[in-house]
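The values are calculated or read from the model by the stated rules, or taken from the named source; none is laboratory data. Treat the numbers as computed from the prediction; the structure is a model and nothing was measured. Cβ sites come from the backbone with ideal geometry, for glycine too, and all protein chains shown count toward neighbours.
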Amino acid sequence: MTLAQFDLKFKTKDERMRRIRCEKEYFALATEADYDLYKFARLAKLSLRQLERDFNRDLRMSPSVWLNKQRILVAALRIEKGDDLKAIAIDLKFKQLSHFCRLFKRFFQMTASEYLHSRPSPPQYLKR
């Protein structure tokens, strides 16, 4: 999504800035909650229903969709670094490797290994 497309989704600059601020705060909470929706709501000091309302208002998606999106984006970064798929799936709290693979493919329209081979190799400073 380009910045122009991002800007068109919001009526005012304040609305856009609120979304960016909310996403940053939400991301910090999501990692602390290990991407668990109930822990996430508790850390945000909101009921699950209020969290859903806030997400729909601020981000225009459900919290579970947003959490899955964040997990997949983190997974993509780790795949680029060369981490093992099984380790990534376990660390990001996917119950099954197949669920991780299915979600990854839905998000990127390619498998994790296809994604790895389609990316240029990471710079030396990103490698372990």
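Per-structure values
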{"item": "Boolean, Lys86 is surrounded by 13 or more Cβ atoms within 10 Å (Cβ to Cβ) and at pLDDT 90 or above", "result": "no"}
{"item": "Candidate set from region 44-56 (those that are assigned to a helix (DSSP H, G or I) and farther than 19 Å from Lys69 by Cα); member that is modelled with the lowest pLDDT", "result": "Gln50"}
{"item": "Test: Ala28 is at pLDDT below 85 and at negative phi", "result": "no"}
{"item": "Options Leu77, Leu67: the member that is modelled with pLDDT under 95, within 14 Å of the chain's Cα centre (by Cα), assigned to a helix (DSSP H, G or I) and surrounded by fewer than 16 Cβ atoms within 10 Å (Cβ to Cβ)", "result": "Leu77"}
{"item": "Residue selected from region 95-117 under the condition more than 12 Å from Leu85 (Cβ to Cβ) and among the aliphatic types (A, V, I, L, M), by the criterion farthest from the chain's Cα centre (by Cα)", "result": "Met110"}
{"item": "Residues (outside any helix (DSSP H, G or I) and surrounded by fewer than 15 Cβ atoms within 10 Å (Cβ to Cβ)) located in region 25-37", "result": "Asp34, Asp36"}
{"item": "Lone qualifier among Phe94, Phe40, Phe100 - being touching a residue at least 12 places away in the same chain (Cβ under 8 Å), out of contact with any Ser or Thr (no Cβ under 8 Å at 6 or more places or on another chain), closer than 25 Å to Glu23 by Cα and not in a helix (DSSP H, G or I)", "result": "Phe94"}
